[in-house]
1. State the number of residues belonging to the range 32-67 that are touching a Lys or Arg at 6+ places or on another chain (Cβ under 7 Å), at pLDDT 95 or above and aliphatic (A, V, I, L, M).
2. Tell me, yes or no, whether the range 122-136 has at least one residue that is more than 16 Å from residue 41 (Cβ to Cβ) and either surrounded by 14 or more Cβ atoms within 10 Å (Cβ to Cβ) or of a type outside the set (Lys, Arg) (or both).
3. Can you list residue pairs whose Cβ atoms sit under 6 Å apart, with the first residue in the range 5-27 being closer than 20 Å to residue 89 by Cα and assigned to a loop (DSSP other than H, G, I, E, B) and the second being modelled with pLDDT of 65 or more and not hydroxyl-bearing (Ser, Thr, Tyr)? Count only pairs 6 or more apart in sequence or on different chains.
4. Pull up the range 145-161, narrow it to residues that are part of a helix (DSSP H, G or I) and surrounded by fewer than 19 Cβ atoms within 10 Å (Cβ to Cβ), then point me to the one that is farthest from the chain's Cα centre (by Cα).
5. Filtering the range 162-187 down to residues that are more than 15 Å from residue 54 (Cα to Cα) and among the basic types (Lys, Arg), which residue is surrounded by the fewest Cβ atoms within 10 Å (Cβ to Cβ)?
Amino acid sequence: MSKIYTRRGDDGSTGLFGGPRVRKDDLRVGAYGEVDELNSALGAAREELLEPAQKDLLAIVDALQSELFTLGSELATPQADKAPREVPRIRAEMVARMEKDIDRLTGELPEMRQFILPGGSRPGAALHLCRTVCRRAERKAVQLSREETVSPHVLAYLNRLSDLLFVLARAANLRAGGREIPWVAPKP
């Protein structure tokens, strides 16, 4: 790709990989756009995880960013058989790996006895923000799945990812010397 701009989208349309041109507010474009935003937010969170105590969390985030690019590519390719080349796919093993990460990190954390508010440290707050962006991306992918084919692995991945981001935020807070902020319900 020699030029970053093509001018083809000036009319409010974009081309799907191996597919037709659609409006930029198409559900599919919205779904992979939300995943792209999540990946960018995760990139910002990654920069908060550069301390040695966060090294294993950083490795997890690096893998997630690559997988999110795969997930976005999958969502941008409605007809894989018509794509000019093979598009990588989200696989069940990726979801299983996240579950192992969740279980390992949860084992290192104090038991939760109440709801916590997002925050606690810069890396924790950044990862909590990623979790909420992930939930929005998941909602958009679910909405798309009601109208078009979306791999069940994509939906499972986004669901599990929000759980992993929650646990990563808690672990980042602990390792950064931060604290978890308990939610205190207002008195009636």
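The values are calculated or read from the model by the stated rules, or taken from the named source; none is laboratory data. In this text the structure is predicted, and so the values were computed from the model without any measurement. Positions of Cβ are backbone-derived with ideal geometry, glycine not excepted, and every protein chain shown enters the neighbour counts.
1. Residues flagged as touching a Lys or Arg at 6+ places or on another chain (Cβ under 7 Å), at pLDDT 95 or above and aliphatic (A, V, I, L, M) within the range 32-67 amount to 2.
2. No.
3. 16/76; 16/78; 17/76; 18/79; 19/78; 19/79
4. Filtering the range 145-161 down to residues part of a helix (DSSP H, G or I) leaves 145, 152-161.
From what is left, the residues that are surrounded by fewer than 19 Cβ atoms within 10 Å (Cβ to Cβ) are 145, 152-153, 155-156, 159.
Working: 145: 17, 152: 16, 153: 14, 155: 11, 156: 12, 159: 9 Å.
Ranking the candidates gives 145 first.
5. Taking the candidates together, the pick is 187.
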